[in-house]
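The values are calculated or read from the model by the stated rules, or taken from the named source; none is laboratory data. Keep in mind the model is a prediction, meaning the values are calculated, not measured. Counting neighbours? That spans all protein chains shown, and the Cβs are built from the backbone with ideal geometry, glycine included.
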Amino acid sequence: MTLNSIGLDTVKAKELANDLNHLLANFQIYYQNLRGIHWNIKGKRFFDLHVKFEELYTDANAKVDEIAERILTLGETPYHTFEDYSAHAQVPVGKNISQDEKAVTLIVDSLSELLKIERDILDKSGDANDEGTNSMMSDFITEQEKTVWMMKAWLS
């Protein structure tokens, strides 16, 4: 086994970086969805949702940066083109969504997909003894589970 400069198995680190790139692509689509619903939301709940969607896209933007920097820390190159994002993402794309319940449902559906990817990475990062990635995934999961709960409560 060969170790990289941060003490991780190079093969496992490369695999984790690939998985993180998959997460990055999905997060970029999620981020763009949030921007779109922030811009296009209409109706009586506009003021509350407009602010909430901005809060969420600001957070998603920060997470995109964290994911990309973790990929670099592992010794790989993060995706950085729309072509890569589209080719590697499975988060649903929201287009021209202006209705409140459709917007919130898109967020729940997107976060559900992100959580699946993050749980897979969490398992693999634990096996690789990669505490940096493991901690990041754990934090993301905790936060996003709460957001899903709140969004589903709003939809009820």
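Name the pairs: first residue in the range 94-115 and acidic (Asp, Glu), second residue part of a helix (DSSP H, G or I) and modelled with pLDDT of 95 or more, Cβ to Cβ under 8 Å, at least 6 apart or on different chains?
If the second residue must be part of a helix (DSSP H, G or I) and modelled with pLDDT of 95 or more, the pairs left are 100/49; 101/155; 113/26.
In the range 128-147, what residues are over 15 Å from residue 55 (Cβ atoms), surrounded by 14 or more Cβ atoms within 10 Å (Cβ to Cβ) and either in contact with a helix residue (DSSP H, G or I) (Cβ under 6 Å, 6 or more places away or on another chain) or touching a residue at least 60 places away in the same chain (Cβ under 8 Å) (or both)?
Those that are over 15 Å from residue 55 (Cβ atoms), surrounded by 14 or more Cβ atoms within 10 Å (Cβ to Cβ) and either in contact with a helix residue (DSSP H, G or I) (Cβ under 6 Å, 6 or more places away or on another chain) or touching a residue at least 60 places away in the same chain (Cβ under 8 Å) (or both): 128, 130, 132, 133, 134, 136, 137, 140, 141.
Being closer than 26 Å to residue 135 by Cα and among the acidic types (Asp, Glu) is the filter here; which residues of the range 85-124 pass it?
Scanning the range 85-124 gives 109, 113, 118, 120, 123.
In the range 1-28, which residue that is out of contact with any helix residue (DSSP H, G or I) (no Cβ under 6 Å at 6 or more places or on another chain) and β-branched (Val, Ile, Thr) is farthest from residue 76 (Cα to Cα)?
6
Is there any pair linking a residue in the range 43-63 that is without any contact (Cβ under 8 Å) to a residue 40 or more places away in the chain to one that is outside any helix (DSSP H, G or I) and surrounded by 14 or more Cβ atoms within 10 Å (Cβ to Cβ), with Cβ under 9 Å and at least six apart or on different chains, and which?
Cβ pairs passing all conditions: 50/41.
Report every pair of residues separated by at least 6 positions or lying on different chains whose Cβ atoms are under 8 Å apart, first residue within the range 1-14 and in contact (Cβ under 8 Å) with a residue 12 or more places away in the chain, second in a helix (DSSP H, G or I) and exposed (fewer than 14 other Cβ atoms within 10 Å of the Cβ).
Every condition considered, the pairs that remain are 12/127.
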